[in-house]
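Peer 1: Structure in structure tokens, see below.
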């Protein structure tokens, strides 16, 4: 059976942590490839302004270009309306067929929210759940998960992989504050962010980024 990993997210922006997790899971579980799936309109983040989907797609493309076993999947950005995992899994099952095993990768924090998913029981019928550590988050208790979603422990894979304390929200805040961020994202993604002035606050809109960056370096 062919095994494919699924790593979804807003990727606003995609960062080194995403790539590290994907590579580690692919190797540990012997997956043929990892699908990076930028969300279209995530219902959990309806209260936050999100970078346009095509720009987030561009950044994912730049981040994974030339990397073995990594592939962009547009299934959610091309689908109208709100983004739900169950819809994505159903579509991927139709496209890849019953002889393909799907491995849905998520952090411990996201797994804790599993009871709030749309059709969680159907989700665990369609895929294996691969849970990876998140800094500052305790691992979910399998018994508690099983109580809220019967059957989930039968498809749950808890991986103890190196933790990366990087978040997209922290990167956005650093950029808005004029702080260095290049070490947190792939080089081509950093170039794209600066070229398109993504995440810059109004304070820095009239300042050349390189000047503000060098000023911060001199002070730190």
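Peer 1: Determine whether residue 22 is surrounded by 15 or more Cβ atoms within 10 Å (Cβ to Cβ), assigned by TED's automatic domain parsing to the domain that holds residue 154, touching a strand residue (DSSP E or B) at 6+ places or on another chain (Cβ under 6 Å) and in a helix (DSSP H, G or I).
Peer 2: yes
Peer 1: Give the residue, chosen from 75, 57, that is touching a strand residue (DSSP E or B) at 6+ places or on another chain (Cβ under 7 Å), part of a helix (DSSP H, G or I) and modelled with pLDDT of 95 or more.
Peer 2: It is 57.
Peer 1: Being modelled with pLDDT under 95, out of contact with any helix residue (DSSP H, G or I) (no Cβ under 6 Å at 6 or more places or on another chain) and under 23 Å from residue 4 (Cβ atoms) is true for just one of 143, 110. Which residue is that?
Peer 2: It is 110.
Peer 1: Let me ask something additional. Considering only the range 60-68, I want to know if a residue exists there that is more than 17 Å from residue 7 (Cβ to Cβ), in contact with a helix residue (DSSP H, G or I) (Cβ under 6 Å, 6 or more places away or on another chain) and outside the structural domain of residue 188 (by TED's automatic domain parsing).
Peer 2: No, because not a single residue in the range 60-68 is more than 17 Å from residue 7 (Cβ to Cβ), in contact with a helix residue (DSSP H, G or I) (Cβ under 6 Å, 6 or more places away or on another chain) and outside the structural domain of residue 188 (by TED's automatic domain parsing).
Peer 1: Just give me the residues in the range 179-213 being modelled with pLDDT of 95 or more and not in a loop (DSSP other than H, G, I, E, B), in sequence order.
Peer 2: Residues satisfying the conditions are 182, 183, 184, 187, 188, 189, 190, 191, 192, 193, 194, 195.
The values are calculated or read from the model by the stated rules, or taken from the named source; none is laboratory data. None of the values given here were measured: they were computed from a predicted structure. We place every Cβ from the backbone using ideal geometry, glycine too, and count neighbours over all the protein chains shown.
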